[in-house]
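The values are calculated or read from the model by the stated rules, or taken from the named source; none is laboratory data. If you're wondering where the values come from, they're calculated on a predicted model, not measured in any experiment. Because the Cβ atoms are built from the backbone with ideal geometry, glycine has one as well, and the counts that use them run over all protein chains shown. We work out accessible area using only protein heavy atoms, side chains counted, and drop any ligands, DNA or RNA first. Shrake-Rupley method; radii C 1.70, N 1.55, O 1.52, S 1.80 Å.
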Amino acid sequence: MDRQMRAFAESHFRGLQGGLSSNVSPKLDHVDFIENPDSFSYADFFKGYLLPNLPCVFSSAFTEGWGSRRLWVTPSGKPNFDYLLQNYGDVVVPVANCGVREYNSNPKEHMPLKDYISYWKEYIQGNYSSSRGCLYLKDWHLCRDSSAESVFTLPIYFSSDWLNEYWDALDVDDYRFIYMGPTGTWSPFHADIFRSFSWSVNICGRKKWFFFPPGQEEALRDCHGGLPYDVTSPTLLDSRLHPVLNRCSPPLEVTQEAGEMVFVPSGWHHQVHNLEDTISINHNWVNGCNLANMWHFLQQELCAVQQEIIEWRDTMPDWHHHCQVIMRSCSGINFEEFYHFLKVIAERRLLFLAKGVGPGKVECGKSTGLGPQQAAFDVSRIAEVLKSVLAHPDFQRMDTSTFSPQPEELLQQLEEVVAATTSL
């Protein structure tokens, strides 16, 4: 990020209410296709897609040097089962059954990769059918759990990735995933965790995507207020079940080919189907551009929890604390952890601006480039959201006496740096 781009970005967020990425459904009839890496800069992506929160598809030229595209795929473009078995066969992976609905998702089991590949081969031989159901390997943390060769190189467009930077700093988790499965496997209708951005690359195979801009999902709710499980189901056309469906525009449809990379913006609901035997690499990520969206989502999640147990508010000791506990169980994060997330990223940016020390290159595609303008922009976005966090009544109810530094002190440090770096 250079000084001009930082000024452009800060001006953009000054014009947004609460710093939220656009929740007004844009009038789109297609998703842009980016053909040539040599003529598409980080600034092009930042201004054209990241800030306006719009999807796009990158051609296979952007990923042609990846090790996984060379090693995980046969010359005929199919999954290289022999290579995967030789290198990862004993790794235990999570597998979902696409044929069984569990709420608005699918139940999961765990098995060695060699057992899943054995199933996959039998599924193909059985004309893509099995008494075991349609099984989909999803959310395999390869980079967290295994020593990997050069599976991929993190594209510069997605290098400002606070979510994985935070979990890498704690060394306990990440949001980098491998998906693989036969023709017919799919992911039900959803928006990504924490209202993160995501990107997805087909190492081999093809996917069909259905995209709905933020807000459009409200017209898909049924008469009980629930979101659909499958937007291709004929039941969606039943006006008695879905009384406001006529307010929803048709989805944006994208067919993603082998090697191509899809950028999924914050808060866009989507559904994805594998049209062929497919392997993909997927990341969820948060940065200064969708941080306010994440904070807004967490506030909504807490309100939903509070509404569920409102009848016990006056009789349950520490009711507000229990709401935070339930929220973390359901959403994976609560207000306290969100604060610590902001704190870790903030302290790393403050250290960089003070001493030029920041995240560097590490293995398995975890490359992060950080310059002074990017760090200053990050500090300004954290300061704005942290100010809102500290003003929230439910955060004020929390015991922060053991926090170091105190939240108010951290905000003061950030605001001082924002003022000092205005002319950077």
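Against the chain, whose longest principal axis is taken from its Cα atoms, helix 3-14 shows a tilt of about 80°. Helix 113-125 and the longest principal axis of the C-alpha atoms of the chain enclose an angle of approximately 50°.
List the pairs from LYS138/LYS208; LYS114/LYS208; LYS343/LYS387; LYS47/LYS387; LYS78/LYS114 whose alpha-carbon separation is above 24 Å, in the order I gave them.
Cα-Cα > 24 Å for LYS114/LYS208; LYS47/LYS387; rest within.
If you take the alpha carbon atoms of the chain and fit the smallest convex hull around them, that volume is 161 Å³ per residue. Each peptide in 136-143, 411-418 receives the mean, over its residues, of other Cβ atoms within 10 Å, and ordering these scores from highest gives 136-143, 411-418. A simple rule links phi to the HN-Hα coupling: the Karplus curve 6.51 cos²θ - 1.76 cosθ + 1.60 with θ = phi - 60°, which for segment 232-242 gives 9, 6, x, 5, 5, 7, 6, 5, 6, 7, 10 Hz, with x for Gly and Pro.
Each part reduced to its alpha carbon centroid, segment 91-169 and segment 31-75 end up 22 Å apart. Sum up the charges of everything whose Cβ sits under 9 Å from the Cβ of PRO182, counting Lys and Arg as +1 and Asp and Glu as -1, but leave PRO182 out. The answer is -2. Taken over segment 79-172, the percentage of Cα pairs per 5 Å bin, counting from 0 up to the bin with the maximum distance, is 2, 11, 17, 19, 17, 14, 12, 5, 2, 0. Taking the square roots of 5 times each eigenvalue of the Cα gyration tensor of segment 290-422, largest first, gives ellipsoid semi-axes of 32, 17, 12 Å. In segment 181-252, Rg over Rh equals 1.00, where Rg is the alpha-carbon radius of gyration and Rh the Kirkwood radius from pairwise Cα distances. Straight-line reach from LYS207: taking Cα to Cα under 14 Å and skipping same-chain neighbours fewer than 8 places apart, the aspartates and glutamates in range are GLU253, GLU257, GLU260, GLU276, ASP277.
Computed about its Cα centre, the charge dipole of segment 290-422 is approximately 640 debye, with only Lys, Arg, Asp and Glu carrying charge at their Cβ.
Taking a 1.4 Å probe, which of ILE309, ILE345 shows the most accessible area, and what order do the others take after it? Numbers along the way, then the final one.
Details: ILE309 20, ILE345 0 Å².
Ranked from most to least accessible, the order is ILE309, ILE345.
The protection proxy used here, the mean number of other Cβ atoms lying within 10 Å of each residue, ranks peptides 29-42, 185-198 as follows, highest first: 185-198, 29-42.
Helix-only arithmetic for the chain: the sum of -39500 (n - 2.57) across DSSP H runs with n ≥ 4, divided by the residue total, places the mean residue ellipticity at 222 nm at -10500 deg cm²/dmol. With unit charges on the beta carbon (Lys/Arg positive, Asp/Glu negative), name the residue among MET398, TRP312, ASN293 whose Cα is farthest towards the positive pole of the charge dipole of segment 290-422. Of the listed residues, the answer is ASN293. Taking the C-alpha atoms only, the angle from helix 335-355 to the longest principal axis of the chain is near 70 degrees.
Which translational diffusion coefficient, to the nearest whole µm²/s, is obtained for segment 285-330 from the Stokes-Einstein equation, given a Kirkwood hydrodynamic radius over C-alpha pairs, 25 °C and 0.890 mPa s? Walk me through the numbers on the way to the answer.
Details: Rh = 11.6 Å.
In µm²/s, the coefficient rounds to 212.
Report note on the peptides 379-390, 70-81: ranked by the mean count of other C-beta atoms within 10 Å, highest first, their order is 379-390, 70-81. Accessible surface of CYS223, taken over heavy atoms with a 1.4 Å probe and every protein chain present, rounds to 70 Å².
Each 5 Å bin from 0 upward holds the following percent of the Cα-Cα pairs of segment 165-301: 2, 10, 17, 20, 18, 16, 12, 5, 1, 0.
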